[in-house]
1. What list of ³J(HN,Hα) couplings, whole Hz, do you get for the stretch 35-46 from phi and the Karplus terms 6.51, -1.76, 1.60, once you set θ to phi - 60° and write x for glycine and proline?
2. Can you give the extra length, in nm with one decimal, that the chain gains between Arg22 and Thr59 once fully stretched, where that is 0.36 nm per residue apart less the Cα-Cα distance?
3. Would you kindly compute the Cα radius of gyration of the stretch 8-77 and its largest Cα-Cα separation (Dmax), both in Å?
Amino acid sequence: MEVDLSIAQVAKRTGLSVHTLRYYERIGLIAPVARASGGQRRYASRDMAWIDFLLRLRTTHMPIGTMQLFATLRGEGEVTVPARRQLLQTHLADVLAEIQVLQQCAQTVQAKIEHYQALELSPSPPIETVGDNPDEHAESLRARPEQAARNRRGSR
């Protein structure tokens with residue numbers, strides 16, 4: 001990958017806006033970027049690798065405050081390796097728990113699709129179908145798995 005990219009080039013490559021890149025630098029997620037003689041930001045390969053990692057953390061719903069903590073620890077050097085590893089282990093456990101919840105929800109949706117496919121093939125569907133009764137899955141609706149996953153992320 002070429003070195004010395006402008007902020008516009010980085011925005012195009014990452015999908016982040018120029019405003020977001022500046023914001024990330026301002027709040028310490030991205031270390032101060034080298035500047036050209038005219039003062040324009042110039043991103044190196046190592047900056048791009050770090051931004052790619054931040055995007056992966058963001059995709060896995062790591063809270064921005066936790067990302068800031070990780071960036072701060074990273075900036076403090078090798079002495080923080082155990083703390084960074086622990087932070088990532090905790091985040092990975094949260095991600096895996098969320099994946100499990102999503103898999104369970106996907107299975108429920110798949111079962112409902114199969115149910116409706118069977119109804120479409122039957123000559124005369126019943127008046128009330130499974131899943132159309134509001135009381136049928138009251139327990140699972142109360143659990144609200146997506147909210148439980150968000151609560152786990154926010155409670156760290």
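1. Karplus-based 3J(HN,Hα) across the stretch 35-46 equals 10, 6, 4, x, x, 6, 5, 10, 8, 9, 4, 5 Hz.
2. Result for the pair: 11.4 nm of gain on full extension.
3. Radius of gyration, then largest Cα-Cα span, for the stretch 8-77: 11.9, 37 Å.
Values quoted throughout were computed directly from the atomic coordinates according to the rules given, and no laboratory measurement underlies them. What you see is a predicted model, and the numbers here were worked out from it, not measured in a lab.
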